[in-house]
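To keep things clear, I will list the structure first and then write my remarks on it.
Computed from the coordinates by the stated procedures, all read-outs in this text should not be read as laboratory data. Predicted, not measured: the structure shown is a model, and the values here were computed from it. Because the Cβ atoms are built from the backbone with ideal geometry, glycine has one as well, and the counts that use them run over all protein chains shown.
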Amino acid sequence: MQTANVNRLTPYLFLAPAAVIMAVALLYPIGYMVYASFLDWNPSQRIGEAEFVGLRNYINLLGDASFRESFWVTMKFAMVVVSLEMFLGVGLALLLDRNIRGMSVLRTLFILPMMIAPIVVGLMWRYMYHPTVGIFNRTLKSMGFDPIPWLSDGNWAFASVVIADVWQWTPFIFILSLAALQSLPQSAMEAAKIDGATGWQQIIHIKLPLMMPVLIVTLLLRLIDAFKVLEVILVLTNGGPGLSTEILSLRISRTASEFRELGEAAAMSNYLLILLMILTFAMFLYNKAVELRAARLRKAAEEDL
Amino acid sequence: MPKIVFDKVSKSYGSVEVLPPFDLTLEDSEFTVLVGPSGCGKSTTLRMLAGLETLSGGEIYFDDRPISKLDPKDRDLAMVFQDYALYPHMNIAKNMSFALRLAKASKSEIEEKVTRVATMLNIAHLLDRKPAELSGGQRQRVAMGRALVRDAGTFLFDEPLSNLDAKLRGKMRAELAEMRDTIDKNMVYVTHDQVEAMTLGDRIVVMSDGLIQQQGTPEELFKSPVNKFVAGFIGSPTMNFIDGALTEEKGVTWVRGDGFMLPLDADLGKRLQSAASKDVTVGIRPSSFVTDTDRGAAIELKVVVAEYLGAQSVLVTRCGDADVLVETQSTSPIRAGTIQTFGVLTDEIMIFDKASGLRL
C-alpha cells in the first residue's frame with residue numbers, strides 16, 4: 001500500500017521542479033503584467049503606490065490613434081512577411097527537393113540567415129541600406145539610377161524592414177517544407193506520374209495537399225513570431241519615419257521607457273498577448289482536429305477488417 | 001496493346017551494373033510474370049518499362065516505337081504498386097478517377113467508369129472513404145481499381161499481393177487470374193512468389209542476379225528447366241539437389257551418390273554420354289517419390305520430420321548427408337525416425353552439371 005502510493009506520486013515528484021520554475025519564470029511575470037495593466041503606474045513609483053484605474057488603460061488605447069496605427073502596422077507587417085516567406089520558402093523547397101551534387105551544402109547555406117542574431121541582421125541591413133555608402137544605392141548609382149531612400153521614406157522603410165525579415169525567416173519555412181516534402185510517400189508521387197500528372201499537377205494535386213498539415217503549423221508558428229518582431233526594426237528604423245514601421249512591440253518598449261507609462265505598456269502587451277493566444281489556440285484546435293480525424297479513420301479501418 | 005521489346009536494355013547505378021544488357025520480348029495481350037529472388041532486377045526492369053527509372057543503355061520499343069525517352073504519362077500504361085500508393089488525401093472515388101480527371105474526361109464518363117470498376121471489384125460502397133479508412137485488402141482492390149479505370153494498353157503490377165496476409169493473397173490471386181482472362185491487355189507482373197508466377201503467368205521470365213535465366217510457359221519451366229536455379233526456384237516444395245557421379249553398368253547409365261544409386265532413362269543416358277564431367281548434381285522433385293516401390297527405382301531414406309499438411313504430408317528425410325524432401329499422400333502415414341524405401345520416378349530425374357549448374 002505504502003509503496004503503491006509512493007509510486008503513484010513519483011511522476012509528480014519529478015514534474016515538481018519544472019512546475020516551480022514555470023510558475024516563477026512565466027506565470028509570475030504574466031500575472032504581474034496583467035495586474036500592472038490596471039494601474040496608472042509611473043516608473044518612479046513602487047507598484048504599491050500606483051493608482052488602480054481599472055480598465056481605463058485598455059479603453060484609452062482603443063481611442064489612441066497612434067496605438068491603432070501601430071496595431072495596423074503590425075498586422076500589415078505580419079501578413080506581408082509571412083505571405084512572402086511562405087511563398088518563397090515553399091517554392092524553394094519544391095525546387096531544391098532533388099538529389100543533385102552539392103545540394104547538402106546549398107541547403108546549409110540557405111538556412112544560414114536564420115542562425116544570425118537579429119541585432120546583427122539589423123545592423124547588416126542598415127549598412128546595406130545606407131543612403132550613400134550602402135551597397136544598394138552604390139550599385140544603383142553605378143548603373144546610372146537615382147538612389148532610393150530605403151529607410152528615410154515611409155513606404156520604402158516598410159518595404160525595407162519587410163525585405164530584411166523575409167531574408168532572415170524564409171529559411172525557417174524552407175527547411176520545414178523541405179522536411180515535409182522529403183517525408184511524403186514516394187510511391188504516391190510515382191503513381192501520380194503514371195496517372196499522367198505533369199510537374200505542376202503533381203505539386204498542386206499531390207505535394208501541396210499532403211504537405212498542408214506541416215504548412216499550417218509552420219504558418220501559425222511564423223505568424224506568432226512575426227507579431228513579436230522587435231530587434232531588426234529597432235536597429236533599422238526605430239519605428240520611423242513617422243509611425244511607418246512602428247510595430248507593437250516597439251511601441252510597447254517606447255511607452256514604457258520614453259513615455260514612462262508602465263500601466264499602458266502593460267495593457268498594450270496584453271492586447272498583443274490576446275492576439276497571440278488566439279493564434280495559439282487556433283493552432284491547438286487545428287492539431288486537435290487532425291488527431292481526432294486520424295483516430296476516427298483508424299477506428300473505421302479497424303471496424304471494417 | 002503493343003508488343004513490348006527490350007533491346008539490349010541495361011541499368012547501372014554509378015559503377016554498379018545491376019542489369020547487364022538483355023533482350024526480352026513481351027507479346028501482345030500476354031500476361032508476363034517476372035519472377036526471381038529479391039535483388040534480381042525484376043522490379044528495376046518493370047520500373048524502366050514504367051518510366052520511373054532511366055535506362056543506362058539499350059531501348060524499349062512498343063511495337064516499333066522507341067519509348068525510353070517518353071514520360072511515364074505518355075507510355076499508355078497503368079501500374080499497381082506494392083504499397084498501393086493511394087493518394088491519402090483523396091477519397092476512393094477521387095483516387096480512382098485521378099487519371100481521368102487529369103485527362104479532362106467528362107463528369108458522366110468518369111462516374112460511369114468508376115462505378116463500373118468499383119462494382120466489379122466490390123468496392124462500390126467505399127467510394128466516399130479515405131484510404132486510411134480501409135483495410136489492407138480493400139486498399140489493394142482500390143489500387144487495382146485505379147489502374148483498371150484507365151483504359152491503358154499495358155498494366156504493370158509490382159508485387160501487388162505481397163503486403164496481404166496469406167488467405168487474402170490466395171483470394172486476390174484467384175480474382176486476378178479471373179481478371180486476366182476477361183481483360184485483353186498486356187500485363188506485366190513482378191513477384192518473388194513462384195506460386196503467383198505459376199498460377200497467373202501465360203509466360204514466366206525467371207531472373208536472378210540481373211540475368212534472365214529462362215522464359216517460357218509455367219509447364220515448360222517446371223518440366224524442362226535449363227539450369228539448377230530455375231529448377232530450384234519453380235515448384236513447391238523445392239526440388240532436392242544431391243551430389244552424385246555418373247557410372248555405366250550393363251549398358252545402363254547410373255547416378256551414384258552417398259546412400260543411393262539410381263538408374264537413368266535411356267534417353268537421358270544417351271545425352272549424358274557426351275558429358276564432360278562425371279560429377280553431377282541430381283535433381284529430384286519431392287513429388288517424384290512414390291511410396292509404391294514397384295513404380296520406380298528404390299531408394300532408402302531416413303525420415304527425420306513428417307510435416308502433416310492435410311491431404312498431403314511433406315517428409316524431411318536424410319540420404320547420406322543430404323536433406324531430401326518427399327511429398328506423400330497422408331493416407332499412408334509415415335512416422336518420423338523410421339527408415340523407409342521409396343520409389344523414384346526415373347523419368348522425372350534431372351541431371352545438372354555440378355560446376356556450371358546447367359541441365360544436362
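What to note about this one:
- Three-way shape label, the stretch B:305-348, alpha-carbon gyration tensor, a/c 1.5: oblate
- Taking the square roots of five times each eigenvalue of the Cα gyration tensor of chain A, the equivalent ellipsoid has semi-axes of 39, 35, 18 Å, listed largest first.
- Cα centroid of the stretch B:32-81 to Cα centroid of the stretch B:302-360, whole Å: 40
- Between the stretch B:169-215 and the stretch B:106-124, the C-alpha centres lie 26 angstrom from each other.
- Residue by residue, the stretch A:23-29 carries 3J(HN,Hα) couplings of 4, 6, 7, 10, 5, 4, x Hz when phi is fed to the Karplus relation 6.51 cos²θ - 1.76 cosθ + 1.60 (θ = phi - 60°); x denotes Gly or Pro.
- Surface/4 estimate of mean projected area, convex hull on alpha-carbon atoms of the stretch B:1-129, nm²: 9.8
- Using only side-chain charges placed at the Cβ, +1 for Lys and Arg and -1 for Asp and Glu, the dipole size of the stretch B:240-353 relative to its Cα centre rounds to 120 debye.
- Arranged from fewest to most other beta-carbon atoms within 10 Å of their beta carbon, B:M172, A:M115 become A:M115, B:M172.
- Cα lying deepest toward the dipole's positive end in chain B, options B:G244, B:A143, B:S224, charges on Cβ: B:A143
- Normalising the average separation of contacting C-alpha pairs (under 8 angstrom, six or more residues apart) by the number of residues puts the relative contact order of chain B at 16 percent.
- Of the trypsin sites (Lys or Arg not before Pro) found in the stretch B:90-163, those in coil by DSSP whose Cβ has at most 14 other Cβ atoms within 10 Å are B:K104.
- In this Cβ point-charge picture (+1 for Lys and Arg, -1 for Asp and Glu), chain B has a dipole of about 1020 debye about its Cα centre.
- Amide H partners (placed H, <5 Å) of B:N227, local residues excluded: B:R359
- Cβ-derived FRET efficiency at R0 51 Å, A:Q186 paired with A:I274, nearest 0.05: 0.70
- Cα gyration tensor shape for the stretch B:20-88, rounded if a/c is under 1.5, else prolate or oblate: rounded
- One compactness figure for the stretch A:86-188 is 1.34, namely its Cα radius of gyration divided by 2.2 N^0.38 Å.
- The protection proxy used here, the mean number of other Cβ atoms lying within 10 Å of each residue, ranks peptides A:21-28, A:55-62 as follows, highest first: A:55-62, A:21-28.
- When Rg and Dmax are taken over the Cα atoms of the protein assembly as shown, they come to 37.5, 126 Å.
- Residue (of B:I4, B:Y189, A:V162) at the positive-pole extreme of the protein assembly as shown, dipole from beta-carbon charges: A:V162
- P(r) of the stretch B:139-209 over all Cα-Cα pairs, binned every 10 Å from zero, in whole percent: 17, 58, 23, 1
- Helices assigned as whole DSSP H runs in chain B whose Cα atoms extend at least 15 Å along their own long axis and whose mean Kyte-Doolittle hydropathy is 0.0 or higher are found at B:92-102.
- Among the chymotrypsin sites (Phe, Trp or Tyr not before Pro) in the stretch A:221-305, those placed in a DSSP loop whose Cβ has at most 14 other Cβ atoms within 10 Å are A:F259.
- Annotation: the residues A:T245, B:T331, sorted from fewest to most other C-beta atoms within 10 Å of their own C-beta, follow the order B:T331, A:T245.
- Globularity ratio of the stretch B:240-353, using Cα Rg and 2.2 N^0.38 Å: 1.08
- When each of B:K11/B:K69; B:K250/B:K354; A:K207/B:K104; B:K94/B:K167; B:K113/B:K171; B:K3/B:K73 is checked by Cα-Cα distance, pairs over 22 Å: B:K250/B:K354; B:K94/B:K167; B:K113/B:K171
- What you get for the stretch A:35-194, charging only the Cβ of Lys and Arg (+1) and of Asp and Glu (-1), is a dipole of about 620 debye around the Cα centre.
- Simple spin-label estimate for B:S108 and A:L230 gives 6.7 nm between the two label positions (7 Å along the Cα-to-Cβ direction from each Cα).
- Cβ-to-Cβ counts within 10 Å put B:Y13, B:Y61 in ascending order as B:Y13, B:Y61, the fewest first.
- Projecting the Cα atoms of B:T119, B:S15, B:A152 onto the dipole axis of chain B, where Lys and Arg carry +1 and Asp and Glu carry -1 at the beta carbon, places B:T119 farthest toward the positive end.
- For chain B, the gyration tensor built on C-alpha atoms gives a prolate shape. Its axis ratio a/c (a ≥ b ≥ c) is at least 1.5, and a/b is the larger of a/b and b/c.
- Scattering from the stretch A:130-190 was approximated by placing one identical point on each alpha carbon and applying the Debye formula without solvent; log10 I(q)/I(0) at 0.29 1/Å stands at -1.10.
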